[in-house]
């Protein structure tokens, strides 16, 4: 893949939607929720401050993150769905 986010943006590959509940009940397509977690695939160069210096992003490729439900822009590349969002829209990093 040749997508490089610009500035303070990150490219996230969302987790797959759950097909079943923990109890084993199948979830129909109409009831599935949009995932709010994923893996960082690419990061931008950083944000410029008032002095023109670049502040590097705290996120790195491979981080597992939680993000806002309606944040970012979804794109599709090679039949894969990705989300491009600003680093500030990422809510947390988890292990």
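The values are calculated or read from the model by the stated rules, or taken from the named source; none is laboratory data. Quick caveat, the model's predicted, so the values are computed rather than measured. No Cβ is skipped: glycine too gets one built from the backbone with ideal geometry, and neighbour counts run over all protein chains shown.
Of all residues in the range 54-67, those satisfying the criterion of being assigned to a loop (DSSP other than H, G, I, E, B) and surrounded by 12 or more Cβ atoms within 10 Å (Cβ to Cβ) are 56, 57, 59, 63. Which members of the range 32-52 meet the condition of being farther than 13 Å from residue 5 by Cα and surrounded by 10 or more Cβ atoms within 10 Å (Cβ to Cβ)? Passing the criteria: 32, 34, 35, 36, 37, 38, 39, 48. Only a single criterion out of (1) at pLDDT 90 or above; (2) more than 14 Å from residue 8 (Cα to Cα) is not satisfied by residue 87, namely (2).
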